1. Just name the residue that is nearest to the chain's Cα centre (by Cα) out of those in region 544-574 that are of a type outside the set (Asp, Glu) and open to solvent by 60 Å² or more (accessible area, probe 1.4 Å).
2. Can you tell me which of Arg536, Arg523 is in contact with an Asp or Glu (Cβ under 8 Å, 6 or more places away or on another chain) and open to solvent by 40 Å² or more (accessible area, probe 1.4 Å)?
3. If you check Lys703, Lys725, which single one turns out to be of a type in the set (Lys, Arg), surrounded by fewer than 19 Cβ atoms within 10 Å (Cβ to Cβ) and more than 29 Å from Val434 (Cβ to Cβ)?
4. When the residues of region 216-233 are narrowed to those that are outside any helix (DSSP H, G or I) and open to solvent by 70 Å² or more (accessible area, probe 1.4 Å), which ends up nearest to Gln198 (Cα to Cα)?
5. Under 9 Å by Cβ, and 6 or more places apart or on different chains, what pairs join a residue from region 274-291 that is closer than 19 Å to Thr304 by Cα and among the polar types (S, T, N, Q) with one that is part of a helix (DSSP H, G or I) and open to solvent by 20 Å² or more (accessible area, probe 1.4 Å)?
6. Suppose we keep only residues that are open to solvent by 100 Å² or more (accessible area, probe 1.4 Å), part of a loop (DSSP other than H, G, I, E, B) and farther than 14 Å from Lys121 by Cα within region 142-178. Which one would you say is modelled with the highest pLDDT?
7. Mind checking which residues of region 69-88 are open to solvent by 20 Å² or more (accessible area, probe 1.4 Å), closer than 17 Å to Ser18 by Cβ and either touching a strand residue (DSSP E or B) at 6+ places or on another chain (Cβ under 6 Å) or in a helix (DSSP H, G or I) (or both)?
Amino acid sequence: MTQWPYMDVAVTLPVNQSFVYAVPDFLADSCMPGMRVLVPFGRRRVTGYILAGRQDSGGYTAKKILDVLDDHPLFFENAIGFFKWVSHYYIHPLGDTIKAALPAGLDRRDVACLFATQEGKKARDNGSLTPTEAKIIAMADKKQGVGRNQVIKAVKTVSVRSVIRKMETRGLVSVFAVLKKEAASVRREKFISPGPAQPAPDKKLSQKRLQILSIVAQKKEISLSALKSRVPTASRLLTFLEADNLVTITQRRVFRDPLGDPVEPDTPPELTSEQAQVVDTVLTNREKGFVPYLLSGVTSSGKTEVYMRLAADAVARGMSAIVLVPEIALISQTERRFRARFGEKIAVIHSMLTHGERLDQWRRIVTGRASIVIGARSAVFAPVDRPGIIIVDEEHDGSYKQETGLRYNARDLAVVRAKMADCPVVLGSATPSVQTFHNVRSGRFQQLSLHHRVNNSPLPKITLVDLRKYREAKAVDRIITPELARAIRACLEKGNQALIFLNRRGFASFPACKACDKPLHCRYCDVTMTFHLGERHYKCHLCGFCLPENTACPDCGKKKIQNFGFGTEKIETMLKTMFPDARLARMDQDSTTKKGSALRLLKSIRNRTVDIIVGTQMLAKGHDFPGITLVGVICADLSMNLPDFRAGERTFQLLAQVAGRAGRGDAPGTVVMQTYTPDHFTIEASRRQDYIEFFNHEIPFRKALKYPPFARIIQVKISGTDKDKTAQHARRTADILASLLNSGPEDAPQVDILGPIEAPIQRISSRFRWQLLVKSTSFNRISGLVRAMLQHPDIRSLKNITIAIDVDPYSLM
């Protein structure tokens, strides 16, 4: 291994460059690209990532690396170019880009902590502090020091930072930098094996100690946790046995297993002629290297089996496969099928794993113990050395877009990574995104098609119910129409399962005061709250703020809040009344908050221990439940009129996907779709399950208005806690962009700057929100403009105002 005197290091701070650090002699053998290091930065210590070694410092006096935090690289050198591309494209600091790609909890840095002094405690005890000061002292004293950011979040006072500074000046608190520990770490476990000695004849051992020796002799080696399950007091007794050399205790690293129940190995089924043609096309063209494919087809056409055949080919060639799925709940189904075929070669990556579990999965991949990675969007960064195939299932899904921090689209990055690795990438969907299908039409992507379901079962019959007929009907019939109720009863009488879909959670979505007619708004967001019957409280679905059920109206003070509207919780309650003998389950964000709850619900559906499932979009895509023969859509129009140019596309995809859950077994499927706009082309195309009809109707609008795929967009989001200052800075940002645009070359591609305007939801979590769009056919042009704007002195000097950049935004809300 080459020893370099200096290293290029990207630090986990909002800076747009890497820095050169010197390698001290005692770390010369330990530093390698892909490792984390602890480095000084100003007066702080922060985590950095080694990018490359170098012979010189570039003319600067380089500070020394303080420590190496890994025993082997967390990513390969060939990933560094990918990270740099992502950082540049999404206009995001390189160090923060790498941090976002790695498992959470690996960041070490100095954080400011507050400690209560004796003077502060005395002042609290004699009552001379303000309520805010007393709360800060209580937090700092109770926890023997508390992070300053924790105090700022807990003490919701605008001037809390000023209060802390004054308390420090008065000697009430001390502020010190403390090195934050990693939230994720490796797990080590003790293993017990027979020792070199035998029990002395003259020394009598207790029954428990003899039992331990018997178990160890039989097993040859056993973990301490396994031994304790049989002998609970083993930890204490092993100390004496080890001292007498009767057992040997060693400590080794172990991997936490996040996978579900064991699955039986499967036998690959015979492919249909369509599946075989798709697999053959990809394998025949693999010598060409990078080829992007769109695998389109009807729901239940066997795309997963195609994915497994392509992954098997990659593994057989000594390479790896990355399989992305949009929902964590869907990972379970995909992981089970792959594990039945590939066994221990599987690794999973998603946010529901603990920090430690995710770190273990990451290390299994980077050390080559797992060659097939299955996961949600973050799995696109999986540390595979030689990808042989990258697959994106349900490529149209909005879950692939990260909406905070590094705002990347995993589907797009899958294509980029495949191009860099020179391997094929397959984007699969029964309802492709308009952008992806346009790439097929323009010749950039190659289309693969599956036109028939695997078992040759027909597509479900879809019936539209016009809700306008029931405007004057009783409340129950306006929500669950007689047509849908009859279909549910018929489904249950045949012993089948029904899925009732509504993409709105909670019990009542519009609480309002009967006395003053004012809706109950969130205190911190510009949205109405939602009543949740199970928790008996009103909740904001944006910031999580809650109010008790018997709350008074904030406007008139009277306790006359009435609950209007409906959500999945209300639908569940109504169905329990209508079908008291049926077994019901509800699957939405509220019912799946606990770890493992989503898997238990899916298992109960698969095992047919529930008859009616009420769910949101969590159940709308990808799941394969042969027992479901009826899908009821409560309101097909919910998302169609949102102020977003993709509203129609999302509505069509959601309706077509949820309809595809019906009739996947032997019995034919039926869909009852309730709508106020049965004549709308999106609803009609969904009824016919005709994607081409929808695309041909949608694409002229995109072209006429210069929206993607005919233009590129960067969204600039401005937010702040002061309403007037936020508006002022939003206008100043737009002026700077306009000035930079006017000073550019005359023959440059046209750029449109739309806004600034207030966001559709003007305030979230007490932050006022503005936005503007920068749009052009030239991405390099608008990317350069936004970069120049961020470097402008007026922007760099902003305080208490946040500017976030969203390249290729998915939502304009």
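1. First, the residues of region 544-574 that are of a type outside the set (Asp, Glu): 544-548, 550-554, 556-568, 570-571, 573-574.
Next cut, open to solvent by 60 Å² or more (accessible area, probe 1.4 Å) only: 548, 550, 554, 558-560, 562, 564.
Working: Pro548: 30, Asn550: 35, Pro554: 35, Lys558: 41, Lys559: 39, Lys560: 39, Gln562: 35, Phe564: 32 Å.
It comes out as Pro548.
2. Exactly one residue qualifies, and that residue is Arg536.
3. Just one listed residue meets the conditions, Lys725.
4. Step by step, filter region 216-233, then rank; the result is Lys220.
5. So the pair list comes out as Gln275/Lys303; Gln275/Arg309.
6. Lys156
7. In the first step, residues of region 69-88 are kept if they are open to solvent by 20 Å² or more (accessible area, probe 1.4 Å); the result is 69, 71-73, 76-78, 81, 84-85, 88.
Those left that are additionally closer than 17 Å to Ser18 by Cβ: 73, 77, 81, 84-85, 88.
Within region 69-88, Gly81, Lys84, Trp85, His88 qualify.
Every residue, every condition in (1) in contact with a His (Cβ under 8 Å, 6 or more places away or on another chain); (2) surrounded by fewer than 18 Cβ atoms within 10 Å (Cβ to Cβ), yes or no:
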| site | (1), (2) |
| --- | --- |
| Gly665 | no, no |
| Gly720 | yes, no |
| Asp735 | no, yes |
| Ser739 | no, yes |
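The values are calculated or read from the model by the stated rules, or taken from the named source; none is laboratory data. Since this is a predicted model, take the numbers as computed values, not measurements. All Cβ positions, even for glycine, are placed from backbone atoms using ideal geometry, and neighbour counts span all protein chains on display. These area figures cover heavy atoms from the full protein model, side chains too; ligands, DNA and RNA do not enter into them. Shrake-Rupley method; radii C 1.70, N 1.55, O 1.52, S 1.80 Å.
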